[in-house]
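Every read-out reported here was derived from the displayed coordinates using simple, explicitly stated rules and does not represent laboratory data. Not measured: the values here are computed from a predicted model. Counting neighbours? That spans all protein chains shown, and the Cβs are built from the backbone with ideal geometry, glycine included.
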Amino acid sequence: MVEHGLSTRKPERYIMSNSLWSSETSLGISSLDEPHKALLDKLAQLQSVSDADFSAHYASLVARVENDFREEEELMEQIDFPGLRCHREEHAKLLGGLHHAAAAVMEGDVALGRRAIELLPQWFVFHISTMDTALSFALQFRDEEQHNGQTGARFI
Ligand SMILES: [Fe+2]
C-alpha cells in the first residue's frame, strides 16, 4: 500500500526470513555477491543469538562490514570509479552508526545493538540496489574493456 508516495511496506519482510539473500540482491559479480551474501546470512543468524552471546557476534559483524567496505572501496580505487567519494561516505555513515551502537553493546546495552541489527537489512538491500549496482555496472564495463583490449576509457 502506498500513501502520499511513501511505501508502507513493513521492514519485517526482510527481518523474519532465515536468509536475507535472494536473486534480487545478486549483482552477478562474485567479488560483490559473495561478501554480500555472507554478510546478509550473518545478519540473519545474529537475530537469533542470545543476549549473552550478542556482543561477541556484534563485534564480529562490525569487523566483517569494515572489511567488506574496505575491499569494495579498493575495487573502486582500482577502476578510478567516479562515485567513490559518495559511496565511501555512505559506508562511513553506516559504520559510524554501528560503532556508536557497539560502544553501548560492549557496556551491556544489547537492546540498542538489536535495534541496529533490525535496521541493517533494509539499509543493505537499498545500498546494494543503488550504489553497489552502479559499481557493478562500472566493473562490468571495465571487464568488457579488458576483454576487448581497450584501456583508458573513463566513466562519464
Ligand atoms: Fe557499497
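Taking the conditions exactly as written (within 11 Å of the ligand (Cβ to nearest atom), of a type in the set (Lys, Arg) and either surrounded by 15 or more Cβ atoms within 10 Å (Cβ to Cβ) or on the phi > 0 side of the Ramachandran plot (or both)), does residue 142 satisfy them or not? No; evaluated as a whole, the condition is false for this residue.
Only a single item in (1) within 13 Å of the ligand (Cβ to nearest atom); (2) in contact (Cβ under 8 Å) with a residue 40 or more places away in the chain; (3) of a type outside the set (D, E, K, R); (4) under 17 Å from residue 33 (Cβ atoms) is not met by residue 130, and it is number (2). Only residues that are surrounded by 17 or more Cβ atoms within 10 Å (Cβ to Cβ) and charged (D, E, K, R) were counted in segment 91-139, giving 2.
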